[in-house]
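Only one structure is covered here, and it is reproduced in the block below.
Taken together, the values in this text are just the output of simple stated rules run on the coordinates, not laboratory data. In this text, all values refer to a predicted model and were calculated from it rather than measured experimentally. Cβ: placed from backbone, ideal geometry, glycine included. Neighbour counts: every protein chain shown.
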Amino acid sequence: MVHYVGLDVSLKQTSICVVNQLGSIVREGVVDSEPEAIAAFVRLNAPGAVRIGLETGPTATWLWTELKQLGLPVICIDARHAKAVLKMQINKSDLENQIRGLLKNVGLVIGRAKFNVFTVRAEELIEDRPELMAVVRPLLKARQAIEQQTDDLDRKVLKLARYDAQVRRFMTVPGVGPITALCFKATIDDPTRFKRSRSVGAYVGLTTRRHASGEVDWTGRISKCGDAMLRSYLFEAAGVLLTRVPKWSALKAWGIRLAKRSGLRKAKVAVARKLAVILHRMWIDGTEFNWSTKKAAA
C-alpha cells in the first residue's frame, strides 16, 4: 500500500502522521527527534512510503541529510508553502465542494442542487465510471452521515425548546428561533442577577466602549465582552427581524429608521442589543413579545 508521511519536528520530539493515497490517517505517533528513531517508526508503520515531508527549520538540513542516507524518500518543504496549502485545504474542506471539484476535473458539472437532489445528481454522473465511484461515493456517504447528525441535533434542539415554557415565550419575538432562545436562557441562567434589563446589553458586549479622561471623551465600537456565541445569535436574529420578517412591530420600525440613517450593520447591532433587553424583561415579567406598543422597543 502507498503511504505518505508528514513530520512535525521540534527540538526534542517529532510528531509523525502516516496517511494513505486517499488521505485517510493510517498511523500517528511521537518519537525522539533522532534520524534512527524516525526511520524505525516509518519502516514499521509505513513500509510503502513514497514521500516523507518535513518543513524547513533549524534541524531540517541535518534530518534531511541523515534520513536520505538511511534510504528514505524524504523531501523538505518551505514552511510558507506548507502554510498556504493548509489554508487552501481548510477553505475546501466542505464535502460538497470536494465532490463538485472532483467531477469538474473530468468535465462533469452537478449544477445547482440541494439536499437529496445533490446526491442523486452526483450518482447519475458517476454511473458506469468505476474510477469516480471509488472516490466520490465515500464522500457522498460522509456527507449523508453529517446531514443525519445535523438532523438529529436539530430534533433535539426543537425538543428542548418545545418542553420549556420560557424558551417558547422567547420565540414569540420576531427573528428569535429555538437556538437563540436556548442560548440566551443558558447564558443568562438567572435573570435576577441583573437589576435592570438594560444591563444585559452591556453584559453580552453589545454596548459601545467609552473613554473619558480630562478633555478627552470618545465613544468607540461595541465592547464585545461576554459570550460571543450569544452575541452572534442576537445579531443574526436582528438581521432576520429587519430583512425577513414581514409583520410590522415597533421594534422593527425603530430598526428600519436607524438603518436608513446609519446603515444596516449598525442597525443590526442596535436591534440585537434591544433584543437582549427585551428578552430579559419578558423573562422577568413572564410575558410574550408585545407587537403593537412602543413600550417593547423602549
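Once the Cα atoms of helix 95-104 and of the chain are each reduced to a long axis, what angle between those two axes, in degrees from 0 to 90 to the nearest 10, is obtained?
Around 50 degrees separate the two axes.
Give me the one-decimal nm value for the distance between modelled label points at residue 109 and residue 17, 7 Å along each residue's Cα-to-Cβ direction.
3.4
So what is Rg over Rh here for the chain, counting just Cα atoms and using Kirkwood for Rh? The partial results should precede the final answer.
Numbers: Rg = 27.8 Å, Rh = 24.5 Å.
On the Cα set of the chain, Rg over Rh gives 1.13.
In whole Å and largest first, what semi-axes does the C-alpha gyration tensor of the stretch 3-91 yield when each eigenvalue is scaled by 5 and square-rooted?
Three semi-axes, in Å: 19, 17, 12.
Computed from the mean reciprocal separation of all distinct C-alpha pairs, what Kirkwood hydrodynamic radius does the stretch 226-298 have, in Å?
On the way: mean 1/r = 0.0804 Å⁻¹.
Answer for the stretch 226-298: a Kirkwood hydrodynamic radius of 12.4 Å.
Return the distance in nm (one decimal) between the two label points of a simple spin-label model at residue 135 and residue 120, each offset 7 Å from Cα along Cα→Cβ.
In this crude spin-label approximation the distance works out to 2.6 nm.
So which of 195/224; 195/266; 12/68; 159/260 end up more than 30 Å apart by C-alpha?
159/260
At 0.692 mPa s and 37 °C, plugging the Kirkwood radius over alpha-carbon pairs of the stretch 165-297 into Stokes-Einstein gives what diffusion coefficient in µm²/s?
Using the Kirkwood radius from Cα pairs, D works out to 218 µm²/s.
Please say if the stretch 95-157 is rounded, prolate or oblate, where rounded means a/c under 1.5 for a ≥ b ≥ c the square roots of the C-alpha gyration tensor eigenvalues, and otherwise the choice is prolate for a/b larger than b/c and oblate otherwise?
Prolate is the answer for the stretch 95-157, as a/c is 1.5 or above and a/b outweighs b/c.
Sort 175-185, 116-126 by packing, meaning the average of other beta carbons within 10 Å per residue, with the highest value first.
175-185, 116-126
How high is the FRET efficiency from residue 43 to residue 148, r the C-beta distance, R0 45 Å, rounded to 0.05?
Details: r = 40 Å, r/R0 = 0.90.
Calculated transfer efficiency: 0.65.
Modelling each spin label as a point 7 Å along the Cα-to-Cβ direction, I'd like the residue 30/residue 288 distance in nm, to one decimal.
With each label point 7 Å from Cα toward Cβ, the separation is 5.7 nm.
Quick one: Karplus J couplings for the stretch 242-255, per residue in order, coefficients 6.51, -1.76, 1.60, θ = phi - 60°, nearest Hz, x for Gly and Pro?
Here the 3J(HN,Hα) series is 6, 10, 10, 7, x, 6, 6, 8, 4, 5, 5, 4, 5, x Hz.
So for each of 153-164, 98-109, 280-291 I average, over its residues, the number of other beta carbons within 10 Å; can you give me the resulting order with the highest mean first?
The densest-packed peptide leads the list: 280-291, 98-109, 153-164.
Quick one: angle between helix 79-91 and the longest Cα principal axis of the chain, in degrees between 0 and 90, rounded to 10, please.
Once rounded, one gets 50 degrees.
Can you compute the FRET efficiency between residue 192 and residue 266 using 1/(1 + (r/R0)^6), with r the Cβ-Cβ distance and R0 = 51 Å? Round to the nearest 0.05.
0.95
From the phi angles alone, apply the Karplus equation (6.51, -1.76, 1.60; θ = phi - 60°) to the stretch 148-154 and give each ³J(HN,Hα) in whole Hz, x where the residue is Gly or Pro.
Values, residue by residue: 5, 5, 5, 4, 4, 5, 4 Hz.
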